[in-house]
Amino acid sequence: HLKLAADCVTIGNKLRFELEPENKFDKLAVKIFRANDFIGYAKRGHNLFFHKVKNDEVDIRVTNLEKNGKMNQIYFSVRVL
């Protein structure tokens, strides 16, 4: 539901995550960032994975983008190091 600019990320960008246990809608919520810029949340079905690893244990990269004048979806891959 964020209003992200179409150029806020590009394919290949490295991402990082932060857990958000104080989220009132989902105690397992996972915030996704490019550098220090918040770009959205991981899909709920993937949250448990992020609760089992640390940022320095994974490499998260943008693999595909869906945009139409604005950013609609950001797809990423996660590789365990």
Using a probe radius of 1.4 Å on heavy atoms only, what accessible surface per residue do you get for the chain? Whole Å² is fine. 71
Got a number for carbon plus sulfur as a percent of the chain's accessible area, 1.4 Å probe? 52
For Rg and Dmax of the Cα atoms in Å, which listed value, (i) 12.4, 36; (ii) 14.3, 40; (iii) 15.6, 51, comes from the coordinates shown? (i)
Do you know the relative contact order of the chain, to the nearest whole percent, from alpha carbon pairs under 8 angstrom that are 6+ apart? 31
Go ahead and set up a Gaussian network model of the chain, Cα springs under 10 Å, then flag whichever of 36, 13, 47 fluctuates most. 36
Among GluC sites (Glu not before Pro) in the chain, those in a DSSP loop whose Cβ has at most 15 other Cβ atoms within 10 Å are 22
How about the stretch 9-81: which trypsin sites (Lys or Arg not before Pro) there are in a DSSP loop, with at most 14 other Cβ atoms within 10 Å of their Cβ? 24, 27, 43, 52, 54, 70
Net charge dipole size for the chain [Lys, Arg +1 and Asp, Glu -1 on Cβ; Debye, nearest 20]: 160
Pick from 62, 53, 30: which residue has the top mean-square fluctuation in a GNM of the chain where Cα pairs under 10 Å get a spring? 53
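The values are calculated or read from the model by the stated rules, or taken from the named source; none is laboratory data. The model shown is predicted, which means the values in this text are computed figures rather than measured ones. Cβ coordinates were reconstructed from backbone atoms using ideal geometry, including for glycine residues, and neighbour counts include every protein chain displayed. The protein model used for the area step is the full one, side chains on, heavy atoms only, and it has no ligands, DNA or RNA in it. Shrake-Rupley method; radii C 1.70, N 1.55, O 1.52, S 1.80 Å.
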